[in-house]
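These notes are about the structure you will find just below.
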Amino acid sequence: MAETAHSEGGLVFHPLDQFQIHPLFGDGPISWYTPTNATLWMALALLAITLVFVVGSSARALIPTRMQSVGEIMYSFIHNMVEDVAGHDGARYFPMIMTLFLFILFVNFLGLLPGSFTPTSHIAVTAVLGFGVFIFVTLLGLYKHGLGFLGLFWMKDAPLILRPIIAVIELISYFVRPVSHSIRLAGNIMAGHAVIKVFAAFAPIILISWIGVIVTPVSILAITAIYALEVLVAGIQAYVFTILTCVYLKDALHPGH
Amino acid sequence: MELAAAAAMGKFIGAGLAAIGSGAAAIGVGAVAGNFLAGALRNPSAAGSQTATLFIGLAFAEALGIFAFLVALLLMFAV
Amino acid sequence: MASTTTEQASEGASGGMMPQLDFSTFPNQIFWLLVTLVILYVLLSRVALPRIGGVLAQRKGSITADLRAADEAKQKAVDAERAYNDALARARSEAGKIVAEAKADIQKDLAAETVKADAEIAVKVAQAATALDEIRAGAADAIAIVAKDTAAELVSALGGKAETAAITAAVTARLKG
């Protein structure tokens, strides 16, 4: 990275610097309780969710205000999704899934503000979410169905000879789930932000060389386009994470089918 | 230093090869979305109930592209 | 290698590493993530979601109640219209009956009067007929008397002697003939 940066004569590529975690106050080492920029943006997401869902709905109006309407739309969206995918008894876990969805959605959207920080672009955060869901769902399945939960890997309608092979494949794919679940979210967010930053690094080329007359407008247009795509991705990744959680929950509640 | 230069070159080449995976994932995502659209146009009334399946399929196809991207990033910045 | 120059380029950064793979920040991130998630979960499950769910259920209830009330009102309106139509039909049929009765009465009266008038007319006709007969009879007698008288006068005027019996017989014979 550094070699390309310096050979361009002043252009600096640091697409990953935006993911740096640093303490909010002072410049000391980061221990486990130090408030960092990650803390700040998670707290801001919490604040925004509180604003929409607690303050916005405080009137309990029968005819909703705009804020309450937003909250109600998200509520019924996720509630319908949980009931459709995980079944009627999945509705018990609706608050948990709603928490995941709102956290990811608001962190993603706040992370799109220029100069902000996106906690969901970090593997540490998404791995906790992904493995948390995985462990919860596995324990729930074992608790509800005991050893019958293992029937998830034993395909009853496959030929007997193929069943052990399928079981191994199913087992591997089951344990890959949390990995792909968490890396998908972090990777998507990280990739989008890094691409925006790469195009942004090309934008000031007009200050250095005449070729910037072409490159600068193109890169600014590209930033705009990628930004629009990232707005879409921010929503879709929250949706995908949530719906996959619902699918895993369904597997735990009804391993038979 | 010769060895180090070769290693640096190797990891950039590796990162570029890994980036091919992103294109392959794009083909996969396109296949999922295209087939969904073809099916939805044949039977639009059934399409609405299958959007969740569509997004799950898209997510799985896209995850592999993200893995490729991650491998490229790891080669570039972590190895 | 590239990492030496990068370290100088990005100050405070942890080498050429991705910040995502800087394991020294993991405990911090995980700690604050868990704090955020727990606060969020408590906030949502205790305050926000029951409230919004309550509002949605209340709205659904009030909408169905309103729809039911509207249905009832519509049913009432339909009933009222039917009752009105029934009353109208009944009034119409009653009016028709009254008209028919009045017509029948008039018809009856008319018939009775006609019968009476017919009877009176018949009586009058009969009287007139008898009167006419009497007059006719009276006229015949008078003619006979006048004829006899005239014959007697004629006979006497011609210088004959009027024999009453002969004249009467002759006149009667002539009148009959």
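Would you be able to say whether some residue in segment A:85-99 is within 11 Å of chain C (Cβ to nearest Cβ), polar (S, T, N, Q), over 28 Å from B:Leu73 (Cα atoms) and surrounded by fewer than 16 Cβ atoms within 10 Å (Cβ to Cβ)?
Looking for residues that are within 11 Å of chain C (Cβ to nearest Cβ), polar (S, T, N, Q), over 28 Å from B:Leu73 (Cα atoms) and surrounded by fewer than 16 Cβ atoms within 10 Å (Cβ to Cβ), one finds none in segment A:85-99, hence no.
Scan segment A:181-201 and tell me whether some residue there is more than 14 Å from chain B (Cβ to nearest Cβ), touching a residue at least 12 places away in the same chain (Cβ under 8 Å) and touching a Phe, Trp or Tyr at 6+ places or on another chain (Cβ under 8 Å).
First, pick out the residues of segment A:181-201 that are more than 14 Å from chain B (Cβ to nearest Cβ): A:196, A:199-201.
Checking the rest, the ones that are also touching a residue at least 12 places away in the same chain (Cβ under 8 Å) come to A:196, A:199-201.
Filter once more, so that each one left must be touching a Phe, Trp or Tyr at 6+ places or on another chain (Cβ under 8 Å): A:196, A:201.
Within segment A:181-201 (the criterion being more than 14 Å from chain B (Cβ to nearest Cβ), touching a residue at least 12 places away in the same chain (Cβ under 8 Å) and touching a Phe, Trp or Tyr at 6+ places or on another chain (Cβ under 8 Å)), the answer is yes, since at least one residue qualifies.
When both residues are 6+ apart or on different chains and their Cβ atoms are under 8 Å apart, which pairs have a first residue that lies in segment A:46-61 and is more than 7 Å from chain C (Cβ to nearest Cβ), and a second that is surrounded by fewer than 16 Cβ atoms within 10 Å (Cβ to Cβ) and at pLDDT 90 or above?
If the second residue must be surrounded by fewer than 16 Cβ atoms within 10 Å (Cβ to Cβ) and at pLDDT 90 or above, the pairs left are A:Val52/A:Val70; A:Gly56/A:Val70.
Return the total of residues in segment C:123-177 being in a loop (DSSP other than H, G, I, E, B) and either surrounded by 11 or more Cβ atoms within 10 Å (Cβ to Cβ) or at positive phi (or both). Full working, then the answer.
Step one: filter segment C:123-177 for residues in a loop (DSSP other than H, G, I, E, B), giving C:158-163, C:177.
Keeping just the survivors that are either surrounded by 11 or more Cβ atoms within 10 Å (Cβ to Cβ) or at positive phi (or both) gives C:159, C:162-163.
Number satisfying all stated conditions: 3.
Of all residues in segment C:18-42 being surrounded by fewer than 18 Cβ atoms within 10 Å (Cβ to Cβ) and aliphatic (A, V, I, L, M), which is farthest from A:Ile183 (Cα to Cα)?
Among those that are surrounded by fewer than 18 Cβ atoms within 10 Å (Cβ to Cβ) and aliphatic (A, V, I, L, M), it is C:Val42.
Here is a list of conditions, (1) surrounded by fewer than 16 Cβ atoms within 10 Å (Cβ to Cβ); (2) closer than 19 Å to C:Leu33 by Cα; (3) facing chain C (nearest Cβ under 9 Å), and A:Ser76 meets all of them except one; can you say which number that is?
Single failed check for A:Ser76: (2).
Need pairs with beta-carbon distance below 9 Å; first residue small (Gly, Ala, Ser) and within segment A:92-105, second in a helix (DSSP H, G or I); sequence gap 6+ or separate chains.
none
Could you run through segment C:4-21 and say how many residues are part of a helix (DSSP H, G or I), at the interface with chain A (Cβ under 7 Å from one of its Cβ atoms) and modelled with pLDDT of 75 or more?
Here the count works out to 2.
Of these, B:Ala31, B:Ala18, which one is at pLDDT 90 or above and under 20 Å from A:Phe19 (Cβ atoms)?
On inspection, the qualifying residue turns out to be B:Ala18.
Taking segment C:22-52, which residues are farther than 14 Å from A:Pro119 by Cα and within 7 Å of chain A (Cβ to nearest Cβ)?
Once the filter is applied, which keeps residues that are farther than 14 Å from A:Pro119 by Cα and within 7 Å of chain A (Cβ to nearest Cβ), segment C:22-52 yields C:Ser24, C:Ile39, C:Leu40, C:Tyr41, C:Leu43, C:Leu44, C:Ser45, C:Val47, C:Ala48, C:Leu49, C:Arg51, C:Ile52.
Any residue in segment A:116-125 that is more than 10 Å from chain C (Cβ to nearest Cβ), without any contact (Cβ under 8 Å) to a residue 12 or more places away in the chain, within 20 Å of A:Met190 (Cβ to Cβ) and not in a helix (DSSP H, G or I)?
Scanning segment A:116-125 turns up no residue that is more than 10 Å from chain C (Cβ to nearest Cβ), without any contact (Cβ under 8 Å) to a residue 12 or more places away in the chain, within 20 Å of A:Met190 (Cβ to Cβ) and not in a helix (DSSP H, G or I).
The values are calculated or read from the model by the stated rules, or taken from the named source; none is laboratory data. These numbers were taken from a predicted model, which means no experiment stands behind them. Cβ atoms come from the backbone with ideal geometry, glycine included; neighbour counts cover every protein chain shown.
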